[in-house]
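Take a look at the structure below.
The values are calculated or read from the model by the stated rules, or taken from the named source; none is laboratory data. Remember, predicted model here, so these are calculated numbers, not experimental data. Neighbour counts run over all protein chains shown; Cβ positions are idealised from the backbone, glycine included. Surface areas here come from the heavy atoms of the whole protein model, side chains and all, with no ligands, DNA or RNA. Shrake-Rupley method; radii C 1.70, N 1.55, O 1.52, S 1.80 Å.
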Amino acid sequence: MFRALFLSIGQLGDRVFLKVLAKSLALTILLFLVAGVGVYWLLIWLFDWFGWSENGGLAAAASAVIIAGLSFWLLFRAVAMGVISLFTDEIVDAVERKHYPDKAEVAQAAGYADQVRVGLASAGRAIGWNLLAAPLYIVLLVTGVGTIALFLALNTLLLARDLGELVAIRHVPRDQWRDWRRETRGRRMQIGLVAAGLFVIPVVNLLAPILSAAMAAHMLHGGVKDDA
């Protein structure tokens, strides 16, 4: 697990990694900005509809900032992983070509439609489950560590599946995914745990999607046994 993380960090200067980082961050930030503007105008309309037009613009702006902040904290992981899935093939390919050339030779490049499908499914699961857990996140704030613990537990499970699929799509026939998931459960859970932890750390979470995708390639190709 730590070998996979250190190898991934060591490849951050790779031109492919930097290009994907720039594209994914730009698209992720753009999506949140568009959503924030949309929320602002929706609130303006609601305030006018309720007859609260006086100072409505200021209230809407303040509310939009608060909602955007909460959404960023709660949904960044889902949106970032959904976005990075569009470019994951480039990351996994770069890792395989540098460290596992035999795997790169037999890999089937993921089609754009498949990447979009996997990305939307990943984002949907993350948004859905994290929204369902939101009341518990709030309740557990009083414990100091409960919210973080629940976030790590839930997102470890989600990321273990999502990151595995980003590699499987290049190497495993779709009808064999169920057996493949069972055989790689231990390795994928390790990937999911570290990835979820990366998303919790400020600033590091901006690199988490790329590091997580690279780690998945290392863990699933590097001969690491499930009981390691």
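Quick look at the numbers
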item: Carbon/sulfur fraction of accessible area - the chain, other protein chains in place, 1.4 Å, %; result: 70 percent
item: Region 79-228 - convex hull of alpha carbons, volume per residue in Å³; result: 111 Å³
item: Estimated dipole of the chain in Debye, rounded to 20 [Cβ of Lys and Arg +1, of Asp and Glu -1, Cα centre]; result: 420 debye
item: Spherically averaged projected area of region 69-154 from its Cα convex hull (nm²); result: 7.0 nm²
item: Selected from G192, G124, G13 as most flexible by GNM, with the chain as the system and alpha-carbon contacts under 10 Å; result: G13
item: Kyte-Doolittle mean at least -1.0 and Cα axial length at least 27 Å: DSSP H helices in the chain; result: 15-49, 56-84, 112-139, 146-171
